[in-house]
Amino acid sequence: MISQKLFEELNKQINYELYSAHLYLAMAAYCASQDLDGFTNFFKVQAEEEKFHAMKLFDYVNEMDGTVKLDGLDIPQNEYPTILDVFKSAYEHEKFVTSRIYFLSDIAMEEREHATISMLKWYIDEQVEEESTFSSIIKKLERIKDDSNVLYMLDKEFAQRSFTPPNEV
Ligand code: FEO
């Protein structure tokens, strides 16, 4: 049985995931302002993924007879000095989300809430992927520095990204 405390934290997580979508849309807007259409697409797709993360938790809370309660969203950072700073901020944000998922897992383990432990396992794996994606793009951007040709090649590559709902476990 899920405790009130765990339901509250799961609700908070729905909001954090929705905020992630909001933040990535702000990053998409920044990229669009720099005429980087592929990077814009990258963050729009990232925002879709975050909405998926939120809705998976939304459905889980309902399925477990909890009540979803949404909160307001903070204003995201809209301006960035460079595209590299965008990815550094995104990476820091993902590390924060990972710490939240671990925190939720710790509570679920304390409560021996096995269904929730199992559900959260999907998010733990997803976070490994998310952190790795951002960290590898940061390395690429650091390597190319001011080479605009390579930046536009990367932009072209990101234009191909599309949202595919991850397989359910
Ligand atoms: Fe839903 Fe990118 O963490």
On the given criteria, is Phe58 aromatic (Phe, Trp, Tyr), surrounded by fewer than 18 Cβ atoms within 10 Å (Cβ to Cβ) and within 28 Å of Ile117 (Cβ to Cβ)? no
Test for Phe87: is it surrounded by 15 or more Cβ atoms within 10 Å (Cβ to Cβ) and hydrophobic (A, V, I, L, M, F, W, C): yes
Considering only region 115-159, state which residues are without any contact (Cβ under 8 Å) to a residue 12 or more places away in the chain and in a loop (DSSP other than H, G, I, E, B). Lys145, Asp146, Asp147
Which condition number in (1) surrounded by fewer than 16 Cβ atoms within 10 Å (Cβ to Cβ); (2) more than 14 Å from Lys12 (Cα to Cα) is the one that Lys44 fails? (1)
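Could you tell me which of the residues Lys121, Lys95 is farther than 30 Å from Lys145 by Cα and not hydroxyl-bearing (Ser, Thr, Tyr)?
Values: Lys95 fails: farther than 30 Å from Lys145 by Cα.
Just one listed residue meets the conditions, Lys121.
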Restricting region 1-41 to residues that are touching a Ser or Thr at 6+ places or on another chain (Cβ under 9 Å) and aromatic (Phe, Trp, Tyr), which is surrounded by the fewest Cβ atoms within 10 Å (Cβ to Cβ)? Phe7
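For every residue, the table says whether it meets (1) modelled with pLDDT under 95; (2) within 15 Å of Ser20 (Cα to Cα); (3) among the hydroxyl-bearing types (Ser, Thr, Tyr).
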residue: Leu70; (1), (2), (3): no, yes, no
residue: Asn78; (1), (2), (3): no, yes, no
residue: Glu92; (1), (2), (3): no, yes, no
residue: Ala108; (1), (2), (3): no, no, no
residue: Ser135; (1), (2), (3): no, no, yes
residue: Arg143; (1), (2), (3): yes, no, no
residue: Pro165; (1), (2), (3): yes, no, no
residue: Glu168; (1), (2), (3): yes, no, no
Options Lys88, Lys95; residue that is in contact with a helix residue (DSSP H, G or I) (Cβ under 8 Å, 6 or more places away or on another chain), assigned to a helix (DSSP H, G or I), within 16 Å of the ligand (Cβ to nearest atom) and without any contact (Cβ under 8 Å) to a residue 40 or more places away in the chain: Lys95
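When you go through Ile75, Ile101 one by one, which is the residue that is assigned to a loop (DSSP other than H, G, I, E, B) and either within 14 Å of the ligand (Cβ to nearest atom) or out of contact with any Ser or Thr (no Cβ under 8 Å at 6 or more places or on another chain) (or both)? I'd like the intermediate steps shown before the answer.
Values: Ile101 fails: assigned to a loop (DSSP other than H, G, I, E, B).
Going through Ile75, Ile101 in turn, the sole match is Ile75.
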For Glu50, all conditions in the list (1) within 16 Å of the ligand (Cβ to nearest atom); (2) more than 10 Å from the chain's Cα centre (by Cα); (3) under 25 Å from Ser135 (Cα atoms); (4) outside any loop (DSSP other than H, G, I, E, B) hold save one; what is the number of the exception? (2)
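The values are calculated or read from the model by the stated rules, or taken from the named source; none is laboratory data. Please read these numbers as outputs of a predicted model, since none were measured by experiment. A quick note on method: Cβ atoms are made from the backbone with ideal geometry, for glycine too, and the neighbour counts reach across all protein chains shown.
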